[in-house]
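Below is one structure, written out as structure tokens; the observations come after it.
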Amino acid sequence: MSDRTTNIISARALGWLGFYALILLLWALTYEMARSGGGFLCGPETVRLLPLGGLGALWAMWAVMMAAMMLPTIVPTLRAYQNLPGGAGATVAGWWAVVAGYAGVWLIGSAGFAAAQVMALNNGWIDLTGVVGSPFAAAALFALAGGWQFTRAKEVCQDACLSPMAYFLTNWRPGVPGGVRMGVDVGLVCVGCCWAIMALGFVGGVMSLLWMGLATLFMVAEKLPEFGMRLRRPAGGALIAAAVFMAARGFGLI
């Protein structure tokens with residue numbers, strides 16, 4: 001094995017170690033926020049400053065939480081990129097550029113969720129912990145997430161997530177600028193695939209480690225080529241059943 005090949009392998013190994021270290025750091029921050037009810041970013045005292053003083057803190061909270069949850073789901077895409085030949089312009093820097101472009105999309109998405117939380121809080125739809133107070137609102141969110149699983153848009157987005165190599169072969173852009181652009185594309189289809197599941201945080205609690213862990217496992221599983229597409233419709237059915245259960249509780253039938 002040549003020195004050049006050895007150096008490339010070492011750089012890739014260090015890249016993966018850095019990537020997983022970043023995920024661990026983000027989960028450590030998320031744990032600290034959950035343990036302290038928002039902690040240094042968005043505890044109850046900060047949330048009470050809304051709508052003016054707390055939006056930035058909520059955005060930071062959502063950004064950390066989303067990064068911790070969503071970065072693990074891009075692993076199949078990063079593996080596909082790594083399997084591309086270096087002669088095509090697939091570099092370690094380009095690999096990190098894909099990560100940056102992907103994370104940038106979710107950073108913008110986190111601003112949207114933070115704004116939604118502000119609006120919901122100001123209208124009394126959720127409490128200071130970010131949980132909906134009405135079983136009918138919870139049922140609506142479950143129905144929305146379940147119904148989205150059966151849409152053509154969800155199918156298209158998930159299919160793109162399940163076939164990263166096909167995306168790279170048809171939309172290849174070399175180098176760092178190309179990596180950022182492709183990361184943005186991957187991030188956009190990922191948002192289309194996962195936004196409704198993320199919205200269920202307003203039912204499970206936006207700072208609930210249990211909800212975040214289960215949602216992360218589900219979103220990772222949905223992107224596994226082996227059985228991700230097989231999971232879509234059963235999960236949709238389960239979410240709709242949960243919506244019916246919540247509505248029945250609201251009517252006092254359960």
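The values are calculated or read from the model by the stated rules, or taken from the named source; none is laboratory data. Computed from a prediction, not measured in an experiment: that's the story for all the values here. Don't worry about glycine lacking a Cβ; one is built from the backbone with ideal geometry, like all the others, and counts go over all protein chains shown.
Observations, loosely collected:
- Residues satisfying the stated conditions in region 74-115, i.e. aromatic (F, W, Y) and crowded, with 21+ Cβ neighbours inside 10 Å: Y81, W95, Y102, W106, F113
- Restricting region 12-26 to residues that are within 18 Å of N83 (Cα to Cα), surrounded by 13 or more Cβ atoms within 10 Å (Cβ to Cβ) and not charged (D, E, K, R), the residue that is modelled with the highest pLDDT: F19
- Filtered by the rule that a residue be under 18 Å from G18 (Cα atoms) and in a helix (DSSP H, G or I), region 81-101 gives Y81, Q82, V92, A93, G94, W95, W96, A97, V98, V99, A100, G101.
- Residue that is surrounded by the most Cβ atoms within 10 Å (Cβ to Cβ) [pool: residues in region 221-240 that are touching a residue at least 24 places away in the same chain (Cβ under 8 Å) and among the hydrophobic types (A, V, I, L, M, F, W, C)]: L239
- Residue-level check: of (1) farther than 30 Å from A248 by Cα; (2) aliphatic (A, V, I, L, M); (3) in contact with a helix residue (DSSP H, G or I) (Cβ under 8 Å, 6 or more places away or on another chain), A153 misses just (1).
- Filtered residue count, region 102-133, keeping only those that are in a helix (DSSP H, G or I) and of a type outside the set (S, T, N, Q): 18
- Residues that are of a type in the set (A, V, I, L, M) and farther than 29 Å from M61 by Cβ occur at least once in region 223-237.
- Residue in region 158-165 that is surrounded by fewer than 18 Cβ atoms within 10 Å (Cβ to Cβ), of a type outside the set (V, I, T) and assigned to a helix (DSSP H, G or I) present: yes
- Boolean, A145 is of a type in the set (A, V, I, L, M, F, W, C) and surrounded by fewer than 20 Cβ atoms within 10 Å (Cβ to Cβ): no
- Residue list for region 94-136, filter: in contact with a strand residue (DSSP E or B) (Cβ under 8 Å, 6 or more places away or on another chain) and either over 17 Å from L58 (Cα atoms) or among the basic types (K, R) (or both): G133
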